[in-house]
1. Which of the residues belonging to segment 193-248 are among the hydroxyl-bearing types (Ser, Thr, Tyr) and closer than 27 Å to residue 165 by Cα?
2. Of all residues in segment 433-461, count the ones that are open to solvent by less than 40 Å² (accessible area, probe 1.4 Å), outside any loop (DSSP other than H, G, I, E, B) and more than 25 Å from residue 364 (Cβ to Cβ).
3. Just for segment 120-146: of the residues that are among the basic types (Lys, Arg) and part of a loop (DSSP other than H, G, I, E, B), which one is farthest from residue 212 (Cα to Cα)?
4. Restricting to segment 315-326, and then to whatever is open to solvent by 10 Å² or more (accessible area, probe 1.4 Å) and not basic (Lys, Arg), can you tell me which residue is nearest to residue 356 (Cα to Cα)?
5. Mind telling me which of the residues 401, 356 ends up being part of a loop (DSSP other than H, G, I, E, B), touching a helix residue (DSSP H, G or I) at 6+ places or on another chain (Cβ under 8 Å) and either more than 27 Å from residue 58 (Cα to Cα) or of a type in the set (Lys, Arg) (or both)?
6. Identify, please: which residue in segment 489-519 is open to solvent by 30 Å² or more (accessible area, probe 1.4 Å) and out of contact with any strand residue (DSSP E or B) (no Cβ under 8 Å at 6 or more places or on another chain) and is, among those, farthest from residue 473 (Cα to Cα)?
7. Going through segment 86-99 one residue at a time, which ones are over 32 Å from the mean Cα position of the chain (by Cα) and open to solvent by less than 30 Å² (accessible area, probe 1.4 Å)?
8. So which residues in segment 359-376 are open to solvent by less than 10 Å² (accessible area, probe 1.4 Å) and either farther than 18 Å from residue 415 by Cβ or out of contact with any helix residue (DSSP H, G or I) (no Cβ under 7 Å at 6 or more places or on another chain) (or both)?
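The values are calculated or read from the model by the stated rules, or taken from the named source; none is laboratory data. In this text the structure is predicted, and so the values were computed from the model without any measurement. No Cβ is skipped: glycine too gets one built from the backbone with ideal geometry, and neighbour counts run over all protein chains shown. Side chains included, ligands, DNA and RNA excluded: accessible areas come from the protein's heavy atoms. Shrake-Rupley method; radii C 1.70, N 1.55, O 1.52, S 1.80 Å.
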Amino acid sequence: MLQTIAVGAARRSLIRVSIFAAALTMVMGCQNIMWRGQNADNETTKLVNKPDAKGPKYVADSSSVWGMNFSKVEGIALVTQLEDTGSDPPPSWQRDRLLKEMQTHNVKNAAKILASGSTSMAIVAANVPPGIRKGERFDVFVTTMPNSETRSLRNGFVMQTWLRAKVVLNGRPRDGHDAAIVKGRIQVKSLFEAGDDPTAENTGYILGGGVALEDRTFGLAVRDDFSKSLKTAVAVSRAINTRFTTYDETGKVNVATAKNNRRIELLVPDEYRHNIGRYVRVIVNIAYQETPEQRLERMDQLERELSEPALAQIAALRLEAIGRDAIPALKRALQNDDTEVRFYAAESLAYLDEPEGSDILKQAAEKLPDYRWHALTALTSSEELNAGSALSDLLHTDNAECRYGAFRAMLARSPQDPMMAGDWLPGEFFLHVVPSTGSTMIHFSMQDRAEIVVFGGNVPVAENFIYIENGLTIQAKSGDSVELIKYLPGEGETKLKCTNSVAEVIRSMAKLGCGYATMLAMCKDAQKAQTLNCRMVINRVPKSERLYAREGSTEELEPLTGETGDLADQSDAETAGVEPESENDPESDPPKKGAFATMKGWFSGK
C-alpha cells in the first residue's frame with residue numbers, strides 16, 4: 001500500500017513547478033501511442049511558483065514555454081479511386097481552389113475528373129505536434145464538405161495536397177505558408193468504430209500521411225520582470241547547456257540559444273525525442289545561479305524529498321535536471337519501500353541512460369496501467385541493453401495494451417532491427433510477425449501508419465474459415481491450406497493458394513491487391529465467426545493521461561500526464577466482433593470524442 005504523506009503549504013510550492021509543464025501536452029481526443037491538442041502556452045505562466053529569495057532560481061521562476069501548442073494545418077484535396085461513391089461538388093470557393101491546384105499540376109479535363117463518381121472533394125486537416133522535424137510524419141483527418149453528395153470515402157486515395165497553417169489577420173481567417181504535404185489511402189472511421197454514426201463513411205484518416213516541410217521550434221520566453229537585459233537569458237541558457245547537448249550535421253552543439261533578452265530557442269537531445277513533454281519539464285526544473293555548495297545542499301534536500309511519495313515526482317525531476325551527479329541518490333531510492341518512489345527514481349535513471357531501474361519500469365509497465373505509458377517511454381529513451389531486454393520480455397505478456405506498447409517502444413527504439421522492421425506489402429500497409437510466448441493475438445493500428453502485428457508467429461485460421469465480399473472469396477481447404485479467388489470485371493479470375501497461417505493469408509491477399517481496410521474487415525468477420533483462432537484488438541495503446549490516486553490521500557495529486565511523443569495515446573476503438581480484453585487487462589476507458597471533429601468547420605465558413 002502506498003504511503004500517505006501530508007504536505008505543508010511550504011512544500012506545496014515545490015510541487016507547483018512540476019506542474020509547470022503538465023498542461024503542455026494534453027492529449028487530443030483523436031494521434032499517440034498521437035497528438036495533444038490544447039495550446040499550453042497560455043497556461044504555463046499561471047502555474048509557476050514564486051521565486052524563493054533564499055533558495056536557487058529555477059528556469060520556471062523566470063521563464064515560460066512557447067511553441068508547445070499544436071499547429072492546425074489544412075487543405076482542399078482531390079480524392080480518387082472511389083467505387084462510384086463520389087460526387088461533383090457544388091460551386092464554391094473551395095471547388096474553385098481545387099480546380100486551380102489541379103491545373104497547376106497540369107491535370108487535363110480537371111472539371112470532368114472532379115465530376116466523376118470515382119472522385120470527391122474533401123477537407124484534409126491535422127494538428128502538427130510541437131517539436132516535429134522536417135520530414136517526419138503525422139496522421140491526417142479527412143472529411144467531405146457539409147453539403148457534399150459523396151456517399152463514402154472508403155478505399156479513396158488522397159492525391160498530393162499542400163497543408164497550410166491557419167492564421168487570423170484583421171479578424172479574418174487566412175492561409176499561412178505551406179507547412180506540410182499529404183497523400184495516401186483513406187481509412188474510413190466506420191472500419192474502426194461500431195455504431196450508427198451517419199458520418200462514419202465520409203470521415204477517415206490517412207495514417208502517417210502528413211509530412212512536415214519544416215522543423216517546429218520551441219523554447220523559453222523570459223518574463224517581463226527578468227528581461228530588462230540579456231543577463232537572465234544568458235544565465236538560463238548557460239545552465240541548460242551545462243546539462244544538455246545534442247548533435248547536428250556539424251557535430252556536438254548546445255541545445256539552448258538565447259536569441260535576445262526574451263527569447264531562448266531549444267533543441268531536443270536524442271534521449272528525449274520520444275518524450276518532448278518530459279524534456280520541457282526537466283528544463284524548467286533546472287536551477288541556475290547557485291554555487292557548488294548550494295547545489296550539494298540542494299541535492300541532499302532533494303534526496304530526502306525523493307523518499308516521500310508526495311514529493312517524489314518533483315524531486316526525481318529536479319535530480320534528473322542536475323544530471324549525472326544525481327545518479328547515486330536516484331539509485332539509492334530504488335531500494336525504497338514505496339512503489340511510487342521507486343518508479344520515479346527508475347524513470348529518471350532511464351533518461352540518464354542508467355540500467356539499474358529497468359526491471360522496476362518493466363514491472364510497472366506490466367502491472368500498473370497508470371504508469372505503463374511512462375515506463376515504456378522511459379525504456380524507449382535508454383540505449384542500455386537492460387532496457388531493450390525489458391521491452392523484449394514484455395512482448396510475451398498476455399496484456400494486449402502492454403504487449404503492443406512494448407512492440408511500439410521497440411520499433412521506436414530500434415527501427416532497423418530485423419525483428420522489428422516488418423514488411424511493406426503491396427496493399428500499402430506494414431505486416432509484422434512477432435514471436436511471442438503469450439496468447440496469440442493480431443493487432444490493427446489506427447494511428448501513425450497502417451500496420452498489422454501478429455503476435456505468436458504461425459497463427460492458423462480455423463478449418464471452417466471463409467470470407468466473402470464482392471469479387472473476393474477466401475476459404476480454408478483440406479491439408480492446412482487456404483484458397484483465395486479474386487474476380488475483376490474485364491480481367492477474369494485470379495487464384496492463389498497459401499498455408500493457413502493468418503500472416504500468409506494476409507500476404508496473399510495483398511498480392512491480390514487487397515488493402516488494409518479489407519484485411520481489417522476480414523479479421524473482424526472471422527473473429528465474429530470464431531474462425532480466427534486468436535484474439536483481435538484495434539489500437540490497444542497505453543494511456544498517458546491516467547490519474548494515479550494515492551491510497552488514503554485527500555490531496556489533489558498531479559496526473560501522470562503531459563508527455564508528447566511517438567508513444568502518445570488514442571482512445572480504444574469499440575469494434576463489433578472484436579474480442580474483449582482478458583481479465584488482466586485494464587478496463588477500457590470510455591470512447592472520447594475525436595478532436596479532429598472540431599476541424600470539420602474550418603472550411604465551412606463557421
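1. 199, 203, 205, 217
2. Number satisfying all stated conditions: 5.
3. My answer is 133.
4. The qualifying residue nearest to residue 356 (Cα to Cα) is 325.
5. 356
6. Here the answer is 490.
7. 87, 89, 99
8. Correct list: 361, 364, 365, 371, 372, 373, 374, 375.
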